[in-house]
Amino acid sequence: MNDMTPIDYQQSAYSMAAKTFLSRAPKLFIDNEWTASSHDATIGVEDPSSGREICRIVDASDRDVDRAVAAARTAFDDGRWTGLPPIRRERIINRLADLLEAHADEFAEIEAIDNGKPKGMAAAVDVPGAISQLRFMAGWASKLNGEVIQPYTMPTGAVFGYTLREPVGVAAQIVPWNFPLLMACLKIAPALAAGCTLVLKPAEQTPLTALRLADLVAEAGFPAGVINIITGYGHTAGDRMVKHPDVDKVAFTGSTEIGKLINRNATDTLKHVTLELGGKSPVVIMPDVDVAQVAPGAAGAIFFNSGQVCIAGSRLFAHRSIFDQVIEGVAATAPFWAPRPSLDPQAHAGPLVSKEQFDRVMGYIEAGKRDGASVAMGGDAPVADGYYVNPTVLVDVNPQMSVVREEIFGPVVVAQRFDDLDEVAKAANDTCFGLGAGVWTKDVAVMHKLAAKIKSGTVWGNCHAVIDAALPFGGFKESGIGREQGRQGIEAYLETKSVIIQL
Ligand code: ADP
C-alpha cells in the first residue's frame, strides 16, 4: 500500500498464444464456422494500456447480421438444440465451461489486453465468474417443468389442465465492454439452458474474448447455429439485431440511454426484452463501524475495475461523526488502486477502456470542480500513452451537481455526510437509478431497515458488488427491466403454455 516507487506505464510483451490469436484475419462465427463478412469494413481494436491498435475485427453488415439470425432461426426451428434431451444440453454447456477452465490463463490475458483490466483481476473475477454462470445455468436445462393445475370453474376430473415451459426462440444478446467474457457467458448460459438459440454481439471496444470463446463452441458439442457470435457497431449491427423480425428476445446490458432506445426499437416486433442498465449506487457507512476496516471496502466498491462497473459504489454517504476518518481511509488506498498497465503483475486497477471513456470521465471531474466540489484524492491523470485516470474522491458536493446525479463509469466517487437513517435512505434513493447499494454497519436492525428502504435490485451488507449466479440481479427504476441469474434468469428465456384437455 505504501510503495511509492514510480509506476512504469509501459505495457508488457504479450504471450505467444495471445499474439497468434491477435494475428488472425477478421471473421464472424456463424453456423459453427468462421466466415468472412459480406463487405470489407473493419473496426480497430486497441490495447487501452498503450493506446495502440492491436488487431481489426469485422464491422458486420446488415447481410452478416441477417445470416447470423437465419442460422439461429433454423437451428431453433428444426429442434436440433431444443429437441435434445436435457441431459445432453446440460453436458454440452458444462463442456463449454470445462474448455473455458482449461484455457483460463489465455482468456485472462486476452481480457486484460483488450479491456485494460489487470490480468490478475480477470483471472480472479471474470473468468471464474463466466464459468460459474455456465455451470449454474447448465443444471436448469433439466429442471424446466410445468405444473398440473386444477381449473377454478370446472369440476374435478372434467378437464386436464397443465403448463409447459418452452424456450422463447432466437435471442439477440448485446453486451458491454466492462466485463466482456463474464457478460457474454451470463447472457448465453440461461438462453442455452432454456433451449434458445442465439446471436451474441460483444461491444466493439472489447470483442476479443467472445471471439476466442467461439473457438470452443463446436468443440464443446453445440450443434451448428445454436451460438453465433458477430462483431460490429451498436447503431448498425446491434440495431439490426434488435429490430430483426426473426429474433424473439433481446437481452441487453449497457447504458440506460441505449437501453431505452433498444426497448423502443424492440416494440414494433413485440420482442421479449430484458435490460440491465446504469447505476449510481450508494454506499452507506453508519457510525458504529470500524473505519479502518470499512474504508478499504468503500474504496474497493468504487475503484475495482477502475469504476467501470454498473454497480460501482459511486455515491459514498458516511455518518457525520466519522466522515473525515472515512475519507482519510479511502484516500490511503491511492497507491493500491493506482492504475497500471494491465499485464503488470502489481496492478490492481488498469486504464479506462478507451480514449472516449477517458475524456468522459475527466470531463466529469472537471465539471465537478467547476461546480464547486473539492478533490480529496486524485482528480487527475498520470502522463502516459494509455487511458489512465487516478482514483478520485470528490467532497463538498451537492445533489444538483452532475457528478452526483449522473453515472460517470470511472474511478470517481462523490462523498456526502448524513446524520440519521431516514435522511440517508432518502438521499440514497434520490436518483433515477436503482441497481445496487451497500450498507456498512454492525447493527443488524439498521441493516434490515436500510435494506427495506433502499430502492435497488440488490443491497449488500458489509460488502459490495458480490455477485453469485444463483442470486437474481437487475435494476429498479431506470436501471433496467427483468432479472438475470438465479431462477428468474432462466424465466426470462421461457414461455409458459397452458394446455386444457376436455376429458
Ligand atoms: P457504453 O455507453 O458504455 O459504451 P453502450 O450502451 O453504448 O455502452 O453499449 C453497450 C452495447 O450496446 C455495445 O455492444 C454496443 O455496441 C451496443 N449498442 C450501442 N448502441 C446500440 C443500438 N442502437 N442498438 C443496439 N445495440 C447498441
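Is it fair to say residue 226 is over 27 Å from residue 345 (Cα atoms), crowded, with 24+ Cβ neighbours inside 10 Å, modelled with pLDDT of 95 or more and more than 16 Å from the ligand (Cβ to nearest atom)? Please lay out each step first, then the result.
Values: over 27 Å from residue 345 (Cα atoms): yes; crowded, with 24+ Cβ neighbours inside 10 Å: yes; modelled with pLDDT of 95 or more: yes; more than 16 Å from the ligand (Cβ to nearest atom): yes.
Yes.
Would you confirm whether or not the stretch 399-422 contains a residue that is under 25 Å from the mean Cα position of the chain (by Cα) and free of Cβ contacts under 8 Å to residues at least 24 places away in the same chain?
Within the stretch 399-422, none of the residues are under 25 Å from the mean Cα position of the chain (by Cα) and free of Cβ contacts under 8 Å to residues at least 24 places away in the same chain.
What number of residues in the stretch 450-476 are touching a Leu at 6+ places or on another chain (Cβ under 9 Å) and of a type outside the set (A, V, I, L, M)?
The number of residues fulfilling the criteria is 9.
Of the conditions (1) in contact (Cβ under 8 Å) with a residue 12 or more places away in the chain; (2) part of a helix (DSSP H, G or I); (3) within 28 Å of residue 449 (Cβ to Cβ), residue 324 satisfies every one except a single condition; which number is it?
If we test residue 324 against (1) in contact (Cβ under 8 Å) with a residue 12 or more places away in the chain; (2) part of a helix (DSSP H, G or I); (3) within 28 Å of residue 449 (Cβ to Cβ), just (1) comes out false.
Considering only the stretch 16-55, state which residues are within 29 Å of residue 390 (Cβ to Cβ), among the small types (Gly, Ala, Ser) and in contact (Cβ under 8 Å) with a residue 24 or more places away in the chain.
18, 49, 50, 51
Is it the case, given these coordinates, that residue 212 is buried (at least 19 other Cβ atoms within 10 Å of the Cβ), charged (D, E, K, R) and away from the ligand (no atom under 16 Å from the Cβ)?
Values: buried (at least 19 other Cβ atoms within 10 Å of the Cβ): yes; charged (D, E, K, R): yes; away from the ligand (no atom under 16 Å from the Cβ): yes.
Criteria met by residue 212.
Under 6 Å between Cβ atoms, at least 6 apart or on separate chains: pull out the pairs that start in the stretch 238-249 with a residue that is of a type in the set (A, V, I, L, M) and end on any residue that is within 8 Å of the ligand (Cβ to nearest atom).
242/262; 242/265
From the list 132, 61, 38, exactly one residue is polar (S, T, N, Q), in contact with a helix residue (DSSP H, G or I) (Cβ under 6 Å, 6 or more places away or on another chain) and at pLDDT 95 or above. Which is it? Full working, then the answer.
Working: 132 fails: in contact with a helix residue (DSSP H, G or I) (Cβ under 6 Å, 6 or more places away or on another chain); 61 fails: in contact with a helix residue (DSSP H, G or I) (Cβ under 6 Å, 6 or more places away or on another chain).
Of the residues listed, the single one that is polar (S, T, N, Q), in contact with a helix residue (DSSP H, G or I) (Cβ under 6 Å, 6 or more places away or on another chain) and at pLDDT 95 or above is 38.
In the stretch 268-284, how many are in a loop (DSSP other than H, G, I, E, B), within 12 Å of the ligand (Cβ to nearest atom) and of a type in the set (A, V, I, L, M)?
Residues meeting the conditions: 1.
Here are the criteria: (1) farther than 20 Å from residue 220 by Cα; (2) in contact with a Leu (Cβ under 9 Å, 6 or more places away or on another chain); (3) among the hydrophobic types (A, V, I, L, M, F, W, C). Tell me which single one residue 92 does not satisfy.
Failed condition: (1).
Just to be sure before I move on: is residue 189 in a helix (DSSP H, G or I) and within 15 Å of the ligand (Cβ to nearest atom) in the structure I sent? If you could, list the steps in order and put the result at the bottom.
On the way: in a helix (DSSP H, G or I): yes; within 15 Å of the ligand (Cβ to nearest atom): no.
For residue 189, the condition - in a helix (DSSP H, G or I) and within 15 Å of the ligand (Cβ to nearest atom) - is not met.
Within the stretch 229-242, restricting attention to residues that are crowded, with 21+ Cβ neighbours inside 10 Å and more than 16 Å from residue 35 (Cβ to Cβ), which residue is nearest to the ligand (Cβ to nearest atom)?
As a first pass, look at the stretch 229-242 and keep what is crowded, with 21+ Cβ neighbours inside 10 Å: 229-232, 237-238, 240-242.
Subset that is more than 16 Å from residue 35 (Cβ to Cβ): 238, 240-242.
Numbers: 238: 2, 240: 8, 241: 7, 242: 5 Å.
The selected residue is 238.
If I go through the stretch 268-280 residue by residue, how many of them are within 18 Å of residue 72 (Cα to Cα) and either among the aromatic types (Phe, Trp, Tyr) or surrounded by 23 or more Cβ atoms within 10 Å (Cβ to Cβ) (or both)?
1
Return the residues of the stretch 243-267 that are more than 14 Å from the ligand (Cβ to nearest atom) and either small (Gly, Ala, Ser) or surrounded by fewer than 18 Cβ atoms within 10 Å (Cβ to Cβ) (or both); say none if nothing qualifies.
245, 246
Check 217, 199 and return the single one that is in contact with a strand residue (DSSP E or B) (Cβ under 6 Å, 6 or more places away or on another chain), within 15 Å of the ligand (Cβ to nearest atom) and not in a loop (DSSP other than H, G, I, E, B).
Details: 217 fails: within 15 Å of the ligand (Cβ to nearest atom).
Within the list 217, 199, the selection yields 199.
Scanning for something buried (at least 20 other Cβ atoms within 10 Å of the Cβ) and free of Cβ contacts under 8 Å to residues at least 60 places away in the same chain, does the stretch 68-75 turn up at least one residue?
Going through the stretch 68-75, the residues buried (at least 20 other Cβ atoms within 10 Å of the Cβ) turn out to be 68-69, 71-73, 75.
In the following step, the residues that additionally are free of Cβ contacts under 8 Å to residues at least 60 places away in the same chain were identified as none.
Checked the stretch 68-75: no residue is buried (at least 20 other Cβ atoms within 10 Å of the Cβ) and free of Cβ contacts under 8 Å to residues at least 60 places away in the same chain.
Here are some conditions: (1) in a helix (DSSP H, G or I); (2) closer than 30 Å to residue 9 by Cβ; (3) in contact with a Phe, Trp or Tyr (Cβ under 9 Å, 6 or more places away or on another chain). Residue 96 meets all but one. Which one does it not meet?
Condition (2) is where residue 96 drops out.
Given the residues 417, 405, which is the only one that is in contact with a helix residue (DSSP H, G or I) (Cβ under 6 Å, 6 or more places away or on another chain) and at pLDDT 95 or above? Quick ask: steps written out before the conclusion?
On the way: 405 fails: in contact with a helix residue (DSSP H, G or I) (Cβ under 6 Å, 6 or more places away or on another chain).
When all the criteria are applied, what remains is 417.
Check whether at least one residue in the stretch 133-143 is more than 16 Å from the ligand (Cβ to nearest atom), over 23 Å from the mean Cα position of the chain (by Cα), more than 18 Å from residue 226 (Cβ to Cβ) and without any contact (Cβ under 8 Å) to a residue 60 or more places away in the chain, and report yes or no.
The answer is yes; a qualifying residue exists.
Among the helices (runs of 4 or more DSSP H) contained in the stretch 336-445, which hold 2 or more residues that are of a type in the set (A, V, I, L, M) and more than 30 Å from residue 54 (Cβ to Cβ)?
Working: elements: 355-370, 402-405, 421-428.
Answer list for the stretch 336-445: 402-405, 421-428.
Could we say that residue 79 is out of contact with any Gly (no Cβ under 7 Å at 6 or more places or on another chain) and in a loop (DSSP other than H, G, I, E, B) here? Spell out how you get there, then give the answer.
Numbers: out of contact with any Gly (no Cβ under 7 Å at 6 or more places or on another chain): yes; in a loop (DSSP other than H, G, I, E, B): yes.
Yes, satisfied.
Name the residues in the stretch 171-186 that are touching a residue at least 60 places away in the same chain (Cβ under 8 Å), away from the ligand (no atom under 11 Å from the Cβ) and either of a type in the set (Asp, Glu) or part of a helix (DSSP H, G or I) (or both), would you?
The initial filter retains those residues of the stretch 171-186 that are touching a residue at least 60 places away in the same chain (Cβ under 8 Å), namely 171-181, 183, 185-186.
From the residues that got through so far, the ones that are away from the ligand (no atom under 11 Å from the Cβ) too are 171, 179, 181, 185-186.
If the condition is that a residue be touching a residue at least 60 places away in the same chain (Cβ under 8 Å), away from the ligand (no atom under 11 Å from the Cβ) and either of a type in the set (Asp, Glu) or part of a helix (DSSP H, G or I) (or both), then 181, 185, 186 are the ones that fit.
Against the conditions (1) buried (at least 20 other Cβ atoms within 10 Å of the Cβ); (2) among the small types (Gly, Ala, Ser); (3) not in a helix (DSSP H, G or I), where does residue 306 fall short? Just the number, please.
(3)
What is the one condition in (1) more than 16 Å from the ligand (Cβ to nearest atom); (2) closer than 17 Å to residue 460 by Cβ; (3) crowded, with 22+ Cβ neighbours inside 10 Å that residue 293 does not satisfy?
(3)
The values are calculated or read from the model by the stated rules, or taken from the named source; none is laboratory data. Every value quoted in this text rests on a predicted model; they were computed, and no experiment measured them. Every residue, glycine as well, gets a Cβ built from its backbone with ideal geometry; the counts of neighbours run over all protein chains shown.
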